[in-house]
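Below you'll find the structure, written out as structure tokens, and then a few comments.
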Amino acid sequence: MPSPAPSSPEPMICISLRYADAPRMYDWLIEAFGFEKHAAYYSEEGKTLLHGELRMGGSYIMLGSSEGNEFGKLVSRPAELGGTTASPYIATDDIDARCERARKAGAEICMEPTDQPYGSRDFICKDPEGHVWCFGTYRPGAPTS
């Protein structure tokens, strides 16, 4: 198991997603969205991703196989809900190129790159298991005019 990170006075917020085929999705998220591998812990037979971490810049997402453990009993996959109740937002640049990369990897593009009235350029897509991902140039916490 991963060793605990050194304590820091700053809280860190990470999202955690569950997938039916988490080993496949771990690699797909790298291909489609440009995440970098950070950590992956598999069951002995290698079919279950017990805990995975992907990095983009200084941010991380965690993911794992949908299973009957305590966390898995509390968190549903989009297919189990008929939709989703939350969506990761990735603040980044090159929205049009990122959209094309996601499309090429097989993401369902739900909203093409669009300029928003608040100054952001965004696109929205779904991964193969139905999680909704939003990408935009708006950076929360940036100074406003």
Quiz prompt | Spacing of the two label points (7 Å from each Cα toward its C-beta) at Lys73 and Asp94, in nm | solution = 4.4
Exercise. Express the carbon and sulfur contribution to the solvent-accessible surface of the chain as a percent, rounded to the nearest whole number, probe 1.4 angstrom.
Key: 52
Self-check item: Table column - 3J(HN,Hα) (Hz), the range 46-53, Karplus curve with 6.51, -1.76, 1.60, x for Gly and Pro
Solution: x, 8, 10, 8, 5, 7, x, 10
Quiz item: How would Thr92, Thr137 rank on accessible area, largest to smallest, probe 1.4 Å?
Solution: Thr137, Thr92
Self-check item: Lys73, Lys47, Lys126, Lys104, reordered so the largest accessible area comes first (probe 1.4 Å)
Solution: Lys104, Lys47, Lys73, Lys126
Quiz item: Roughly how large, in nm² to one decimal, is the mean projection of the convex hull of the alpha-carbon atoms in the range 28-85?
Solution: 5.0
Quiz prompt | Restricting the range 45-99 to GluC sites (Glu not before Pro) in coil, as DSSP defines it, with at most 10 other Cβ within 10 Å | solution = Glu45
Exercise. With a probe of 1.4 Å, find how much accessible area the range 46-110 has per residue, and write the answer as a whole number in Å².
Key: 57
Quiz item: Mean residue ellipticity at 222 nm from the helices of the chain, using -39,500 (n - 2.57) per DSSP H segment of n ≥ 4 over the full residue count, to the nearest 500 deg cm²/dmol?
Solution: -6000 deg cm²/dmol
Self-check item: Stretch gain in nm, segment Met111-His51, where the contour uses 0.36 nm per residue and the Cα spacing is subtracted
Solution: 18.6 nm
Quiz item: Angle, helix 95-105 long axis vs. longest principal axis of the chain, Cα atoms, 0 to 90°, nearest 10?
Solution: 40
Self-check item: Rg/Rh for the range 1-112, where both radii come from Cα atoms and Rh is the Kirkwood radius
Solution: 0.96
Practice problem: Give the Kirkwood hydrodynamic radius (Å, one decimal) of the range 58-136, defined as one over the mean of 1/r across all pairs of different Cα atoms. | Solution: 13.9
Quiz prompt | Share antiparallel - DSSP beta bridges, the chain, percent rounded to 5 | solution = 70
Quiz item: Helix 22-33 versus the longest principal axis of the chain: what angle, 0 to 90°, nearest 10, using Cα atoms?
Solution: 20
Quiz prompt | Nearest-20 debye value, the chain charge dipole, Cβ charges on Lys, Arg, Asp, Glu | solution = 100
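The values are calculated or read from the model by the stated rules, or taken from the named source; none is laboratory data. Everything quoted here is computed from the prediction, not taken from an experiment. Glycine also receives a Cβ, built like all others from the backbone with ideal geometry; neighbour counts cover every protein chain displayed. Just the protein is used for accessible areas: all its heavy atoms, side chains included, with ligands, DNA and RNA removed. Shrake-Rupley method; radii C 1.70, N 1.55, O 1.52, S 1.80 Å.
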